[in-house]
Amino acid sequence: MANILVTGAGGYIGSVLTPLLLSEGHTVRALDRFFFGAEMLADHPQLQRVREDARRIAPAHLEGCDAVIDLVALSNDPAGEEFRAETYAINHQSRAATARLAKAAGVQRYILPSSCSIYGFQDPDVRVDEAAPTNPLTTYARANERAEQDVLPLADKDFTVVVLRQATAYGLSPRVRFDLAINGMTFGAWKTGVLPLMRDGTQWRPMAHVRDLASAQLYMLTAPQDRVNGEIFNVGSDANNYQLGPLADIVAAATPRDVRIEWYGDPDHRSYRVNFDKIERLGWTAKLGAEDGVRELCAALEDGRIDKTTQTLTLDWYRELMRWHERIKQVELYGGILRI
Ligand SMILES: NC(=O)c1ccc[n+]([C@@H]2O[C@H](COP(=O)([O-])OP(=O)(O)OC[C@H]3O[C@@H](n4cnc5c(N)ncnc54)[C@H](O)[C@@H]3O)[C@@H](O)[C@H]2O)c1
């Protein structure tokens with residue numbers, strides 16, 4: 001049982017990870033701006049919410065913590081290009097600063113959830129492993145790589161540092177995202193019966209269920225120090241290395257209505273496959289497949305528990321918040337709008 005600081009805890013992965021950590025008996029300090037709403041995390045006696053910006057993290061936030069899982073980020077490529085400086089400041093610099101503060105505070109373990117996107121696009125005949133040269137093509141990917149480069153050298157016998165290069169996530173979460181490939185395909189198929197698919201469908205993409213990603217983070221809290229310290233692990237599974245054409249067929253088959261595939265665009269030659277042998281040798285394996293994610297998303301859509309809204313599209317929501325911030329600054333007086 002440990003005290004764990006989780007940054008970005010109110011996000012898509014964090015709002016699945018936090019209840020998992022709590023259910024394992026850990027105490028969680030959830031540090032987040034809660035851009036998507038503090039209600040993404042249910043109350044729990046062992047949960048402490050800290051509404052703070054990761055760029056203002058201070059030694060007090062790390063006091064008494066045994067481990068850090070540093071999820072905080074602007075979490076996709078389009079947001080990274082639109083908010084470039086902020087992406088470097090949050091995804092790279094704030095996480096490097098958190099790792100340094102954690103080490104200084106005597107925290108024992110620091111886990112950086114990075115991304116397979118730092119491989120960029122590679123020879124589709126090769127399954128890239130952790131030793132392969134990286135090829136980050138976007139601001140988001142470059143910021144993740146810089147964070148890795150800054151935190152890994154901090155590893156020593158008293159401070160265990162683990163980098164997890166996660167595949168693209170899918171599946172249900174309290175803070176659901178439809179700007180992720182499988183989730184977006186599922187919504188289109190469920191809502192309209194038409195699944196738009198980029199030609200020619202042979203491109204490879206690594207995916208991972210959000211509960212599997214959370215379970216890998218949990219696993220790394222207690223994995224043997226001599227096997228994980230200063231190490232990078234790809235997180236996913238070969239069964240979840242999908243080609244988009246067959247993936248679309250899986251999504252269509254798991255959606256409870258007739259679905260037709262509609263091709264669009266020129267053939268996309270960007271393709272990459274990832275090798276997950278290293279984490280499997282350690283003893284962790286992914287348990288879920290795309291059909292599990294599609295089925296649970298469709299069930300939640302059917303019940304009206306989730307919907308595709310501005311709030312479930314990451315970049316749209318940040319744009320919306322910034323628009324409202326401007327508008328509210330213009331009309332607010334004496335701390336209010338009509339009630340002052
Ligand atoms: N979801 C994926 O497919 C995927 C794949 C690979 C890696 N990752 C990585 O996993 C991490 C989490 O991704 P996610 O999908 O949960 O993203 P998310 O956007 O759902 O969550 C990010 C959280 O960080 C918070 N946040 C953003 N800026 C902040 C700031 N300055 N201060 C405090 N809080 C702030 C947001 O409020 C949000 O709750 C990210 O580092 C992402 O790069 C995600």
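The residue list Asp316, Asp268 contains one member that is surrounded by 13 or more Cβ atoms within 10 Å (Cβ to Cβ), in contact with a Lys or Arg (Cβ under 9 Å, 6 or more places away or on another chain) and not hydroxyl-bearing (Ser, Thr, Tyr), which is Asp268.
Only one of the numbered conditions (1) over 30 Å from Glu320 (Cα atoms); (2) of a type in the set (Asp, Glu); (3) without any contact (Cβ under 8 Å) to a residue 24 or more places away in the chain is violated by Asp129, and that is (3). Answer yes or no: is there a residue in region 166-179 that is out of contact with any Asp or Glu (no Cβ under 7 Å at 6 or more places or on another chain) and more than 14 Å from the ligand (Cβ to nearest atom). No, the conditions are met nowhere in region 166-179. Residues of region 115-149 being part of a helix (DSSP H, G or I) and not hydroxyl-bearing (Ser, Thr, Tyr), which ones? Of everything in region 115-149, those that are part of a helix (DSSP H, G or I) and not hydroxyl-bearing (Ser, Thr, Tyr) turn out to be Cys116, Ile118, Ala141, Arg142, Ala143, Asn144, Glu145, Arg146, Ala147, Glu148, Gln149.
All but one of (1) in contact (Cβ under 8 Å) with a residue 60 or more places away in the chain; (2) polar (S, T, N, Q); (3) over 20 Å from Leu288 (Cβ atoms) hold for Gln166, so report the exception by its number. All conditions are met except number (3).
Yes/no matrix, rows are residues, columns are (1) in contact with a Gly (Cβ under 8 Å, 6 or more places away or on another chain); (2) within 16 Å of the ligand (Cβ to nearest atom); (3) at pLDDT below 95:
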position	(1), (2), (3)
Pro196	yes, no, yes
Arg199	yes, no, yes
Gln203	no, no, yes
Met207	yes, yes, no
Ala216	no, yes, no
Val235	no, yes, no
Tyr242	no, yes, no
Ala254	no, no, no
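The set of residues in region 100-114 being assigned to a helix (DSSP H, G or I) and buried (at least 24 other Cβ atoms within 10 Å of the Cβ) consists of Ala102 alone.
Of the residues making up region 180-194, those that are away from the ligand (no atom under 11 Å from the Cβ) and β-branched (Val, Ile, Thr) are Thr186, Thr192, Val194. Taking the criterion of being without any contact (Cβ under 8 Å) to a residue 60 or more places away in the chain and crowded, with 23+ Cβ neighbours inside 10 Å, the only residue of region 60-89 that qualifies is Thr87.
Among the residues of region 1-45, those identified as of a type in the set (S, T, N, Q), within 15 Å of the ligand (Cβ to nearest atom) and under 16 Å from Asp212 (Cα atoms) are Ser15, Thr18. Restricting region 105-119 to residues that are farther than 15 Å from Gln217 by Cβ and β-branched (Val, Ile, Thr), the residue that is nearest to the ligand (Cβ to nearest atom) is Ile118. Examine region 94-104 for a residue that is within 10 Å of the ligand (Cβ to nearest atom) and in contact with a helix residue (DSSP H, G or I) (Cβ under 7 Å, 6 or more places away or on another chain), and state whether such a residue exists. Among the residues of region 94-104, at least one is within 10 Å of the ligand (Cβ to nearest atom) and in contact with a helix residue (DSSP H, G or I) (Cβ under 7 Å, 6 or more places away or on another chain), which makes the answer yes. If you scan region 46-62, which residues turn out to be more than 8 Å from the ligand (Cβ to nearest atom) and within 21 Å of His26 (Cβ to Cβ)? Within region 46-62, Gln46, Leu47, Gln48, Arg49, Val50, Arg51, Ile57, Ala60, His61, Leu62 qualify.
The values are calculated or read from the model by the stated rules, or taken from the named source; none is laboratory data. Remember, predicted model here, so these are calculated numbers, not experimental data. Heads up, the Cβs are rebuilt from the backbone with ideal geometry, glycines too, and the neighbour counts pull from every protein chain shown.
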